[in-house]
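Read through the structure below, which is laid out as structure tokens, and then see the notes.
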Amino acid sequence: MTNQTLTTLDLADNQISADEAKGIATPLMTNQTLTTLDLWNNQISDDGAKAIATALITKQTLTTLNLRSNEISDDGAKAI
């Protein structure tokens with residue numbers, strides 16, 4: 001099943017870990033409608049940020065990504 005209508009996904013303040021961020025990144029690669037992903041104030045580290053960055057290579061419709069207040073260092077930010 002694929003998403004055909006969801007444009008905004010707000011998962012802010014949900015204690016999402018790096019492994020869970022990787023789980024979000026996988027379907028993000030094929031989603032064609034999502035334009036906004038809010039992951040503010042979670043526990044996403046560099047590994048999660050890198051997984052999201054990999055997904056963004058193929059995800060051309062995403063225009064807004066909020067990763068503020070996570071555990072991402074310069075390395076994770078550079079990947080994004």
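Phi angles across segment 34-50 convert, under the Karplus curve 6.51 cos²θ - 1.76 cosθ + 1.60 with θ = phi - 60°, into 3J(HN,Hα) values of 5, 10, 10, 10, 10, 10, 4, 6, 10, 10, 6, 9, 4, 4, x, 5, 5 Hz, Gly and Pro given as x. The angle between the Cα long axis of helix 18-28 and the main principal axis of the chain comes to about 20°, on a 0 to 90 degree scale. Extension gain, SER17 to ARG68: 0.36 nm times the residue separation minus the Cα-Cα distance gives 17.0 nm. Counted over segment 8-79 with a bin width of 10 Å, the fraction of Cα pairs per bin, in whole percents, is 23, 60, 17.
Every read-out reported here was derived from the displayed coordinates using simple, explicitly stated rules and does not represent laboratory data. What you see is a predicted model, and the numbers here were worked out from it, not measured in a lab.
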